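Quick notes on the structure that follows.
Each value in this text was obtained by applying a stated rule to the coordinates, not by laboratory testing. Here the structure is a predicted model, which means the values were calculated and not measured. Every residue, glycine as well, gets a Cβ built from its backbone with ideal geometry; the counts of neighbours run over all protein chains shown.
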Amino acid sequence: MKGVIFRGLEALVIEKCGMAAWDDLLEKNAPQGRVYISAESYPDEEIVGLAQDVATALSMSMPEVL
């Protein structure tokens, strides 16, 4: 998955829940020290885990989150 998708998800979480919430999601779902760069590609499993947790936290569906 392209990093731009991760960056959009990051913006949504920070806007709705704050930076600490994004940091917590990364700690749970991404390799330690991961930084998402828009033009890079990352494993799909990472976006799925992040998106599922965001959907739950914000009471949104996966399509709404992505």
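Would you calculate, for the chain, the mean residue ellipticity at 222 nm contributed by helices, counting each DSSP H stretch of 4 or more residues as -39,500 (n - 2.57) and dividing by all residues, to the nearest 500?
-21000 deg cm²/dmol
For the chain, what is the charge dipole size about the Cα centre, in debye to the nearest 20, if Lys and Arg each add +1 at the Cβ and Asp and Glu each add -1 at the Cβ?
Value, rounded to 20: 120 debye.
Output the 0 to 90 degree angle, nearest 10, between the alpha-carbon long axis of helix 44-58 and the longest principal axis computed from the alpha carbons of the chain.
So the helix axis and the longest Cα principal axis differ by about 20 degrees.
For the charge dipole of the chain, defined by +1 on Lys and Arg C-beta atoms and -1 on Asp and Glu C-beta atoms about the Cα centroid, which residue among 57, 33, 4 has the Cα displaced farthest towards the positive pole?
It is 4, whose Cα lies furthest towards the positive end.
Taking the Cβ of residue 33 as the centre, find all other residues whose Cβ is under 15 Å away and add up their charges (Lys, Arg: +1; Asp, Glu: -1).
-2
Remind me, relative contact order of the chain in percent, using alpha carbon pairs under 8 angstrom and six or more residues apart?
Numbers: 57 pairs, mean separation 27.7, N = 66.
Answer for the chain is 42 percent.
Angle between the Cα long axis of helix 3-17 and the longest principal axis of the chain, 0 to 90 degrees, nearest 10?
Orientation of helix 3-17: about 30 degrees from the principal axis.
Per the Debye formula with a single identical scatterer at each Cα and no solvent contribution, what log10 I(q)/I(0) holds for the chain at q = 0.18, 0.23 Å⁻¹?
Debye intensities relative to I(0), on a log10 scale: -0.57, -0.98.
Taking 0.36 nm per intervening residue step and subtracting the Cα-Cα distance, what contour gain separates residue 57 from residue 44 on full extension?
Extra length available between residue 57 and residue 44 comes to 2.7 nm.
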